[in-house]
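Structure, as structure tokens:
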Amino acid sequence: MRVELPWRRRSIGARLSLLYTLAALTAVALFAGITDWRLSTNFSAEHLRFVQAKVAELQVDLNDAGGRPQALLGEIMKETDGSRLRQYEARVLTGGHVLGETPGMQRELPAAVFPAAVGGLPAEPLRQQHTGQRIYVLATVQLDSVNSDTPPVLQLALDVTGDAALQNSLHRELALAFLLLVPLLAFAGRWVAAQGLAPLTRIAGAARSITPAGLSARLPLTPPWPDELHDLVQVFNAMLARIEEAFARLSRFSVDLAHELRTPLASLGGELEVCLMRPREAADYRAALESGLEECRRLNVLIENLLFMARAEHAEQALRYERFDVAQACAWVVAQHAPGAAARGIHIRLDGGATLVADPLLLRQALANLLGNAIRHSHDGGEVRIMLQPVTDGVDIRVKDDGEGIEAPHLAHLFDRFYQVDAARGRGVGQGTGLGLSIVKTIVELHRGTVHVASVRGSGTTVTMHIPSGLLAPQPSLDSRTREPAAHEI
């Protein structure tokens, strides 16, 4: 079982605000860290340059004095004695003994706290020493000897208390600024998130206003939506259009169904009422019962067709594909309709052949509906042709009659449920429900195929089904009377 983490259930606005605040605080902390690091680095570099410059200066003084260390003491005393705020303090040693130092230096900076002496100019890092409230950086340098005398050792202490105080002050101010920025950035993040999510609020408000009674409403396209939401609005509007169309079809279907059920029920009730108005002969009662039975059969066919369409519209996963001979399947359908066609002198001719991978039961159902329509609307003594033609991606099945044809304005609606071209077309028992071509279209679309009608008034009608397939093999044509491979005619 998948467990949803609590933070995933929080609002997008809260998560965006949190991420914005964390990102901003991270940036501020990174900036503060870099600033402090650069300041500390600069201070250290300046301290080192000062110590190196002072050592070089005292070395020059020593050289000018002919190597006498006392000259160093005079220079040091002149720069450090009598000044309360000394920039540096120094001590001169010869042979391990203190020759002289800045007054008071022994008390705060004894010789033992200094690092070991090095020759030449000092290098980083300089040792740092905390003494009371003051901070020093220490260096011990052995000056170059003059006239082969014992080289003096110089202990130099630079007062960096002011620089350290400046850094500490910066730390405090950055910490205070960081604390003040937390609520400010949180508020700013909330505001930014609200502005960014405002279009979603507009979408939610517009969608909330759409009701079943107002499915024609759409999300407005002005003012322009952000690029990230433009496609979403377009998809949502397209979905609303599909829902509106589906509701309209459902409403039309309900009206048509009520009409189709009302007619036979009214006819049946009227005939029974007439029979019960007065005593009648047995033949009259028999005629009334036969008429009622015919209406019941018609209702039964209507209900079966409706159930078939309801199942077929959700049968994509239930199709039973198999490889079969289309001509044989057509011949079976022809045999079922042969008696009715022969009674009116109508010949049924089957041309061509092919092997197809499809659901044979559904294909026979579709062909039976088309053939029944063709026979019903053909002239007595006419001909109905079934033509099979293999094509690149499947099979085309054409059913052509030589009946009265259909006028062009009706062609676009022939596959609508319960659609009738006119009331003059005869209805046999169980026929005339207006669902035959709708069932054909449903079956063809389940096979990812297409169906269309071509007709001219007075010149007959041709219905073409294109059924895709991956396996094709041409088959000889059948003729029920001559058994020649060219045609099958009844």
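The values are calculated or read from the model by the stated rules, or taken from the named source; none is laboratory data. This one's a predicted model, so the numbers in the text were calculated from it and none came from an experiment. As a convention, Cβ positions derive from the backbone with ideal geometry for all residues, glycine included, and neighbour counts pool all protein chains shown. Accessible surface is based on the protein model in full, side chains and every heavy atom, while ligands, DNA and RNA are left aside. Shrake-Rupley method; radii C 1.70, N 1.55, O 1.52, S 1.80 Å.
A few points about this structure:
- Working note: Debye formula, equal point scatterers on the alpha-carbon atoms of segment 150-255, no solvent; log10 I(q)/I(0) at q = 0.14, 0.15, 0.20 Å⁻¹ is -0.78, -0.83, -1.06.
- Scaling against 2.2 N^0.38 Å puts the C-alpha radius of gyration of segment 359-420 at 1.26.
- For the chain, the solvent-accessible area with a 1.4 angstrom probe is 57 square angstrom per residue.
- Tilt relative to the chain, helix 12-64 - C-alpha long axis, 0 to 90 degrees, to 10: 20 degrees
- C-alpha long axis of helix 326-343 to longest principal axis of the chain, angle in °: 30 degrees
- With the whole protein complex present, E445 retains an accessible surface near 100 Å², based on a 1.4 Å probe.
- E101 accessible area, assembled protein chains, probe 1.4 Å, Å²: 40 Å²
- With the charge dipole of the chain set up from +1 on Lys and Arg Cβ and -1 on Asp and Glu Cβ about the Cα centre, the Cα lying farthest toward the positive end among the listed residues A27, I406, F187 is that of I406.
- A408 versus L166: modelled label distance in nm, points set 7 Å from Cα along the beta carbon direction: 9.3 nm
- Extension reserve of the E79-A338 stretch, reckoned as 0.36 nm per residue once the Cα distance is removed: 80.1 nm
- Rg/Rh for segment 91-206, where both radii come from Cα atoms and Rh is the Kirkwood radius: 1.49
- Amide N of segment 375-396 lying under 11 Å from the label point, which is placed 7 angstrom from the Cα of V301 along Cα→Cβ: 376
- Shape metrics for segment 137-188, restricted to C-alpha atoms - Rg then Dmax, Å: 23.4, 75
- Nearest-ten-degree value, helix 282-312 long axis tilted from longest Cα axis of the chain: 20 degrees
- Available extension along the chain between T41 and E273 is 72.4 nm, counting 0.36 nm per residue and deducting the alpha carbon span.
- Alpha-carbon centroids, segment 161-200 and segment 108-126: separation in whole Å: 42 Å
- Each residue was assigned an accessible area with a 1.4 Å probe, and for E294 the value is about 80 Å².
- The length gained by stretching the chain between A65 and R49 to full extension, at 0.36 nm per residue less their Cα-Cα distance, is 3.3 nm.
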